[in-house]
Amino acid sequence: MPSETTNQFLVCGLGSLGQHCVVALKEFGARVIAIERELPTTWEIPNLLDLLDDVIVGDCRHNSTLEKARVGNCRAVLVVTSNERANAETVLAARQLNPQTRLVIRSSRENLNQLLSEQLENFIAFEPTQLPAPTFAIAALGLDTLGFFNLEGRWMRVVQETLPPGHRWCNVRYLYDLNSRSRRLLAHEPPETPPVRAFHQWEPEKKAHAGDRVAYIETTDPFFLNPKLPQTGKKRWYAIAVVRNFTGRNLQQQIRRFFQLSFQQQVRRVAIACGAIVLALLALGTLLFRFYYPTTWLDAFYATAILLLGGYADLFGGIGEAFLIPGWLQLFALGLTLAGTAFVGVLYALLTEALLSSKFQFAQQRPPIPEKNHVVLIGLGRVGQRVARMLQEFKQSFVGISFNPDFDPTILPQMPLLVGNLHDGLSKANIETAKSVVVATDDEIANLEAALTIRAVNPTAKLAIRTQGISLSQHLAHLLPDAQVLSTYAVTAEACAGAAFGENILGLFRFNSQTILVTEYQIEEVDTLHGLLLAEIAYGYGLVPILHQKSAESPNFMPSEDVKLAVGDRLIVLATSEALRRVEIGTRAIHPKQWRIRVEKVLTEEARFEGANAIARISGCSLATARALMDDLPQVLVTPLYEHQAKRLVRELSKIRVVAKFRQFGTQNRRIQNGRMGE
């Protein structure tokens with residue numbers, strides 16, 4: 001266990017985020033001291049004072065207050081007040097008093113955060129609206145996707161789906177066989193079983209069946225998030241879909257939409273028509289004057305242009321000169337003048353109107369409101385705007401609703417927008433035909449009202465609701481069990497707590513009502529992960545390794561379980577806060593090592609050699625131990641293994657013609673099973 005000094009944390013600011021940070025840190029078994037300028041009469045978390053080891057009343061920006069809170073002995077300082085200026089001053093003061101402590105700050109100023117990170121070191125900044133926004137955007141898409149993030153330029157997608165009858169995996173693929181170089185199975189839940197709360201809780205040698213719920217992470221492309229495109233297949237489907245948009249019936253629809261749009265824009269249509277008529281008259285007049293009156297092409301062109309601009313008197317002002325031109329041509333010239341007066345006058349009027357209107361029109365005209373199969377985004381504060389930008393990146397049709405009458409019209413100009421009260425906004429947003437709704441205002445009561453109204457109007461729409469307090473989140477989750485209720489402060493607090501222990505939190509998503517953190521480790525000599533196989537990390541701590549990188553080498557996605565971590569390695573995993581706590585204290589107990597293998601015989605001498613290599617590689621024992629075992633068969637490998645690890649070793653030995661069995665020990669019901677995969 002860490003010492004008292006290394007296990008002490010300081011939280012500055014006991015607002016909503018600060019209180020949630022205290023709860024998250026206590027789940028790690030940490031000692032928590034807090035600083036608050038003025039203690040409130042009521043707390044959002046009722047038993048908060050019981051969780052704190054000490055509370056200092058004062059201004060966290062002052063050195064005297066920080067010294068009173070023993071900042072010099074703190075492993076990390078979490079500065080999470082609602083005043084960003086106070087937060088910046090506090091981290092500067094804390095760094096002076098403790099050059100080694102980890103600094104976690106609440107700040108939305110990206111440039112300032114970057115500068116502070118370069119100057120202070122061991123520093124990380126979070127903003128409560130930044131981390132939950134992707135979760136809202138993913139929920140709005142209405143797909144089976146739980147998470148979507150980018151690592152080293154490659155997109156990773158977390159999927160949870162119920163296998164339909166006829167799925168390519170059903171009754172064919174064993175669960176262990178679903179793991180590949182681009183995919184890792186996270187969970188398997190047969191029908192009518194409760195959701196699992198940890199990874200790797202699945203039997204590797206079972207087959208997938210229709211109705212099973214599976215969750216997995218895979219490498220993918222961002223266009224797969226577009227529900228209008230096929231969800232399976234390779235990139236060629238994307239090209240085919242694009243081509244189809246411009247062929248056949250789709251082409252006719254595109255042409256029809258173009259002309260419908262032109263008719264809607266009457267001013268533009270009139271301008272095009274007038275301009276075309278003027279050009280046609282100019283060409284016709286030039287031809288007639290050139291061939292029926294002795295003149296040059298240039299003179300004929302100028303004469304026609306003068307007539308169109310109302311210059312009939314300028315050309316035919318002299319009566320004698322007029323008799324030199326045929327009467328029908330004079331009549332045509334008069335017609336040109338009359339037509340030019342009309343059509344050129346219209347063009348002048350339209351140009352004047354455009355110039356005057358452009359002087360007062362600063363915002364672009366927004367797209368029309370979608371009619372069906374769209375997302376309704378309620379609330380366009382910082383969270384809502386982040387969600388809107390992500391939906392635009394995903395090419396998702398949506399409409400934003402703001403309750404602020406002074407909403408800046410220059411924000412997100414390509415987004416369909418409705419400004420007004422809740423009921424007017426919902427009635428105009430085609431809520432009855434929307435596929436999903438995100439309620440993300442800063443007002444929890446407004447979010448509650450909107451959620452209940454939407455559920456009454458459209459019971460089938462997917463619903464994502466933003467909350468702040470724990471109590472309301474729990475009540476809403478019970479009242480609307482099919483909705484995704486997300487407390488932004490609770491989610492951000494879990495990330496802050498993980499970062500306080502020195503880990504880099506790259507992202508997060510929600511899985512079975514818990515937060516999964518995408519966490520990066522830089523392996524050091526004193527780390528609890530140093531020297532372990534990835535299999536031991538995965539099954540012992542309950543993590544899912546998704547990227548491993550050695551120094552000066554390219555990253556390896558979905559790495560092999562046989563990799564052993566060394567100092568300087570970089571590892572990115574999926575983890576719950578509980579799993580991060582186990583890593584912190586070095587307790588691998590989620591899946592005990594209760595399995596051993598017994599090697600019976602080898603069928604060839606080559607199998608004896610290859611079998612020793614496989615045993616050393618998968619179990620982590622020394623190669624000398626493995627060769628000694630293979631030279632004296634039958635024999636039991638003394639190195640204990642995790643269940644998935646033992647069964648995989650038996651399968652690998654079977655492939656190289658080595659007969660082996662696995663045995664579970666440490667329980668009352670001991671059993672020996674053969675190495676063949678059973679139903």
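The values are calculated or read from the model by the stated rules, or taken from the named source; none is laboratory data. What you are looking at is a predicted structure, and each value in this text was computed from that prediction instead of being measured. Glycine gets a Cβ as well: all are built from the backbone with ideal geometry, and neighbour counts include every protein chain shown. We work out accessible area using only protein heavy atoms, side chains counted, and drop any ligands, DNA or RNA first. Shrake-Rupley method; radii C 1.70, N 1.55, O 1.52, S 1.80 Å.
On the basis of being open to solvent by less than 10 Å² (accessible area, probe 1.4 Å) and of a type outside the set (Lys, Arg), does Ala464 make the cut? Answer is yes for this residue. Can you spot a residue in the range 584-600 that is in contact with a Ser or Thr (Cβ under 6 Å, 6 or more places away or on another chain) and either modelled with pLDDT under 90 or of a type in the set (Phe, Trp, Tyr) (or both)? Within the range 584-600, one or more residues are in contact with a Ser or Thr (Cβ under 6 Å, 6 or more places away or on another chain) and either modelled with pLDDT under 90 or of a type in the set (Phe, Trp, Tyr) (or both). With the condition kept exactly as written, say whether any residue in the range 591-601 is among the aromatic types (Phe, Trp, Tyr) and not in a strand (DSSP E or B). Checked against the condition, which is being among the aromatic types (Phe, Trp, Tyr) and not in a strand (DSSP E or B), the range 591-601 yields no hits at all. Would you confirm, using the coordinates I've provided, whether Gly611 is within 29 Å of Trp155 (Cα to Cα) and either outside any helix (DSSP H, G or I) or modelled with pLDDT of 90 or more (or both)? When the stated conditions are applied, Gly611 does not pass them. The lone criterion from (1) in a helix (DSSP H, G or I); (2) under 14 Å from Thr135 (Cβ atoms) left unmet by Leu486 is number (1).
Among residues of the range 562-580 being open to solvent by 40 Å² or more (accessible area, probe 1.4 Å) and of a type outside the set (A, V, I, L, M), the one that is modelled with the lowest pLDDT is Glu578. Which one is surrounded by the most Cβ atoms within 10 Å (Cβ to Cβ) among residues in the range 188-203 that are farther than 30 Å from Ile505 by Cβ and in contact (Cβ under 8 Å) with a residue 12 or more places away in the chain? Here the residue is Glu203. Does Thr453 satisfy being touching a residue at least 12 places away in the same chain (Cβ under 8 Å), in a helix (DSSP H, G or I) and either in contact with a His (Cβ under 9 Å, 6 or more places away or on another chain) or of a type in the set (Ser, Thr, Tyr) (or both)? Against the criterion (touching a residue at least 12 places away in the same chain (Cβ under 8 Å), in a helix (DSSP H, G or I) and either in contact with a His (Cβ under 9 Å, 6 or more places away or on another chain) or of a type in the set (Ser, Thr, Tyr) (or both)), Thr453 qualifies. Taken together, Gly18, Gly13, Gly58, Gly29 contain a single residue that is free of Cβ contacts under 8 Å to residues at least 40 places away in the same chain and small (Gly, Ala, Ser), which is Gly58. Comparison of Leu623, Leu637, Leu603 shows that the only residue that is open to solvent by 40 Å² or more (accessible area, probe 1.4 Å) and closer than 19 Å to Leu533 by Cα is Leu623. Close contacts from the range 107-124, counting a first residue that is within 19 Å of Leu78 (Cβ to Cβ) and a second that is assigned to a helix (DSSP H, G or I) and hydroxyl-bearing (Ser, Thr, Tyr), with Cβ to Cβ under 6 Å and a gap of 6+ residues or different chains, come to Phe123/Ser117. Note on the range 151-174: among residues that are surrounded by 16 or more Cβ atoms within 10 Å (Cβ to Cβ) and among the aliphatic types (A, V, I, L, M), the one that is farthest from the chain's Cα centre (by Cα) is Leu163. Of all residues in the range 370-406, which are in a loop (DSSP other than H, G, I, E, B) and under 22 Å from Ala446 (Cβ atoms)? If the condition is that a residue be in a loop (DSSP other than H, G, I, E, B) and under 22 Å from Ala446 (Cβ atoms), then His374, Gly379, Leu380, Gly381, Phe403, Asn404, Pro405, Asp406 are the ones that fit. Scanning the range 447-456 turns up at least one residue that is open to solvent by less than 50 Å² (accessible area, probe 1.4 Å) and more than 26 Å from Glu371 (Cβ to Cβ). Within the range 204-213, the set of residues being open to solvent by less than 40 Å² (accessible area, probe 1.4 Å) and under 26 Å from the mean Cα position of the chain (by Cα) comprises Asp212 only.
Tally the residues that are open to solvent by 50 Å² or more (accessible area, probe 1.4 Å), under 24 Å from Gln468 (Cα atoms) and assigned to a loop (DSSP other than H, G, I, E, B), restricting the search to the range 408-446. Matching residues across the range 408-446 total 3.
The set of residues in the range 91-103 that are open to solvent by less than 40 Å² (accessible area, probe 1.4 Å), under 18 Å from Thr65 (Cβ atoms) and either outside any helix (DSSP H, G or I) or of a type in the set (A, V, I, L, M) (or both) comprises Val91, Ala93, Ala94, Asn98, Thr101, Leu103. Being closer than 13 Å to Val11 by Cα, modelled with pLDDT of 90 or more, surrounded by fewer than 17 Cβ atoms within 10 Å (Cβ to Cβ) and not acidic (Asp, Glu) is a property that holds for Arg70. Number of residues in the range 478-507 that are among the small types (Gly, Ala, Ser), surrounded by fewer than 20 Cβ atoms within 10 Å (Cβ to Cβ) and farther than 23 Å from Arg102 by Cα equals 0. Here Arg31 does not fit the description of being out of contact with any helix residue (DSSP H, G or I) (no Cβ under 8 Å at 6 or more places or on another chain) and at positive phi. Among the residues making up the range 508-532, those that are surrounded by fewer than 21 Cβ atoms within 10 Å (Cβ to Cβ) and outside any loop (DSSP other than H, G, I, E, B) are Arg510, Gln514, Glu520, Gln522.
For the range 383-414, a residue qualifies if it is among the basic types (Lys, Arg) and modelled with pLDDT of 85 or more, and the qualifying residues are Arg386, Arg389. Screening Thr41 with (1) without any contact (Cβ under 8 Å) to a residue 24 or more places away in the chain; (2) part of a helix (DSSP H, G or I) gives one miss only, at (2). Applying a threshold of 9 Å to beta carbon distances and a minimum spacing of six or more residues, or different chains, the list of pairs starting in the range 176-187 at a residue that is within 14 Å of Lys207 (Cβ to Cβ) and ending at one that is among the polar types (S, T, N, Q) and open to solvent by 40 Å² or more (accessible area, probe 1.4 Å) reads Leu185/Asn179.
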